[in-house]
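Encoded as structure tokens, the structure appears first; notes follow it.
What follows draws every value from the coordinates through simple rules; no lab data is involved. Quick caveat: nothing in here was measured; it's all calculated off a predicted structure.
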Amino acid sequence: MKIKRILSAMLLAVSFMAVSFNANAAGPLKFGIKGGVTVNDLKFNEDIFKTDNRCGFTVGLMTKFTAPIINIGFDASVMYTHRVSKVDGFTTLTPDGQQEVFDGSIKSDYIEIPINFRWDIGLPVIGKFVSPFLTTGPDFSFLVSKQNVDNAWKKHTFDFAWNFGFGLMFVNKVQLHASYGLGLNNAASADSALYGNNLGDGKNRFWTVTAAYLF
């Protein structure tokens, strides 16, 4: 199942790049490659776990459209994203059915599709060399790694967030971008047999900092 998801995502990414490349010749639509780091914090609705920020990475393809004159448009990406959460003090079950306390890092791999509404802020004189921009929009993530975590909780296969970001565009080619993702659905749920119903629902909160080169 994991291999099928990755292959499907790769096919989607290739199709995404091809469409962008064909459209680029006809208008202000560009495509490019993007990569960077992500800092993730899994927030639970009850203080049953202690969580800390940990760095992961993200890499993939993007496209950008900006309407002339008004400088309003969108950008969208297909990314492979590796998130890490440091979680201390949660209870797991050993193979013989005994409970033990686990302290460690939980790693999750996603195919992530952020789609941002975008405003490129035009600046006089220097606008051709450097231009700031603001973004906001939905973020769709599909889990492609292990779903169950040491008999302690279950990671959900779909994660939905809303991003808020800002960045700089250099000579209309190189982009630096930072965004904050506010998770809106539960990314993980604790085992109700250990923690009770709805006591261990967690949402992702994450910073993402990327650099991109647009062709």
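For residue 176 and residue 74 in one chain, what is 0.36 nm times their gap in residues minus the Cα-Cα distance, to one decimal in nm? Provide the component values of the computation, followed by the final result.
Numbers: separation 102, 0.36 × 102 = 36.72 nm, distance 1.55 nm.
Residue separation times 0.36 nm, minus the Cα-Cα distance, leaves 35.2 nm.
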Under 5 Å, built H, 5+ apart or other chain: amide partners of residue 144: 109, 110, 111
Pop out the ³J(HN,Hα) list for the stretch 116-125 in order, Karplus 6.51 cos²θ - 1.76 cosθ + 1.60 with θ = phi - 60°, rounded to Hz; leave Gly and Pro as x. 10, 6, 9, 10, 8, 7, x, 10, x, 6
